[in-house]
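Each value in this text was obtained by applying a stated rule to the coordinates, not by laboratory testing. All values derive from a computational prediction rather than experimental measurement. Note that each Cβ is placed from the backbone with ideal geometry, even for glycine, and that neighbours are counted across all protein chains shown.
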Amino acid sequence: AQMEAALRIALIEGQLQLQYQPVADLQQGAICALEALVRWQHPVMGLIPAGRFIPLAEAAGLTTALGYWSLRRAVEDMLAWRAAGLAPVRVAINISPKQFLDPALPQVVADVLAQSGIAPSQLSLEITEAALMQDPNASDTTLAQLKALGIGLTLDDFGTGYSSLNHLKRFPLDLVKIDCGLTGNIVTGTDDAALVKTIISMAHHLGIEVAAEGVETEAQCDFLRRNMCDQIQGYFLAKPCDRDEVTAMLTARH
Ligand code: G
Ligand code: G
Ligand code: MN
Ligand code: NA
């Protein structure tokens, strides 16, 4: 409860910050997207990664507010990169299960796009299967509304928990992200290698691109390229970066 109060204060007092982890196109080798990851700059404990406070924020009903904060901050940063003359790069925002149930979500995204003038194709939302399966019929409606805005829809953390290839067919996705846990085993476990190949093949049949998360080694990267994975993300490519580091990276890309 103390942590919860502190998190409310963090939201109000500007103790949150965003980092961005680059995603690269595997065939061309260029950065094609950035995943926004929230961090809490705690006055005493220092920089706390999302994994350590998002579950608590979700239980306390704070992730919806936090999620909208991340969306707005990411769009501000995108405008700053645009003002600096950098070529646009797509930014991916994580949506928590509770935020996904917010009926206002599509309208908020529409308003943010309209106010900023950011092209819808430059924004994507990352949603987990757990979020989609809370209320599958409501998810169909929300996803259709989001899709109509022209933004990207990504299925996050695929290959964990109750993953189903059926979900790739049911929902209007354009990208599926293979979870770190699965990527970690592709060059050591034959079952996981086969599973990843199947996911890539099935997704491509359905017109969905595939990104692998948590890529840490060249061997994993080679496996994924050989097996036609579209994108990679992970420490092998780059760790999450501050806004200024992203500016430097995008400038160097010119
Ligand atoms: O960066 P880190 O490994 O700590 O992230 C852990 C988890 O936190 C990831 O599952 C990621 O999806 C989630 N996360 C990071 N930033 C945000 C955010 O802005 N909103 C929500 N809802 N989840 C986030
Ligand atoms: O659940 P989600 O996919 O949104 O979480 C992404 C998280 O994965 C980020 O918090 C990031 O810190 C973490 N991450 C990024 N790259 C790697 C990696 O190469 N290995 C591992 N183990 N985790 C990573
Ligand atoms: Mn994610
Ligand atoms: Na993920």
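When Ile127 is tested against the conditions (1) within 13 Å of ligand 1 (Cβ to nearest atom); (2) in a helix (DSSP H, G or I), the lone failure is (2).
When each of Ser139, Ser121 is tested for being away from ligand 4 (no atom under 16 Å from the Cβ), in contact with a Phe, Trp or Tyr (Cβ under 8 Å, 6 or more places away or on another chain) and among the polar types (S, T, N, Q), the lone residue that passes is Ser139.
From the list Val176, Val187, the lone residue that is outside any helix (DSSP H, G or I) and away from ligand 1 (no atom under 16 Å from the Cβ) is Val187. The one condition from (1) more than 16 Å from ligand 2 (Cβ to nearest atom); (2) part of a helix (DSSP H, G or I); (3) in contact (Cβ under 8 Å) with a residue 24 or more places away in the chain; (4) not aliphatic (A, V, I, L, M) that Gly67 does not meet is (1).
Only residues that are within 12 Å of ligand 2 (Cβ to nearest atom) and either free of Cβ contacts under 8 Å to residues at least 24 places away in the same chain or surrounded by fewer than 18 Cβ atoms within 10 Å (Cβ to Cβ) (or both) were counted in the range 150-179, giving 2. Of the residues that make up the range 85-104, is at least one part of a helix (DSSP H, G or I) and surrounded by fewer than 20 Cβ atoms within 10 Å (Cβ to Cβ)? Within the range 85-104, one or more residues are part of a helix (DSSP H, G or I) and surrounded by fewer than 20 Cβ atoms within 10 Å (Cβ to Cβ). Taken over the range 28-48, the criterion of being under 11 Å from Ile232 (Cα atoms), part of a strand (DSSP E or B) and more than 14 Å from ligand 2 (Cβ to nearest atom) is satisfied by Ile31, Cys32. Scanning the range 190-228 for residues that are under 26 Å from Leu153 (Cβ atoms), among the β-branched types (Val, Ile, Thr) and either within 15 Å of ligand 3 (Cβ to nearest atom) or not in a loop (DSSP other than H, G, I, E, B) (or both) yields Val196, Thr198, Ile199, Ile200, Val210, Val215.
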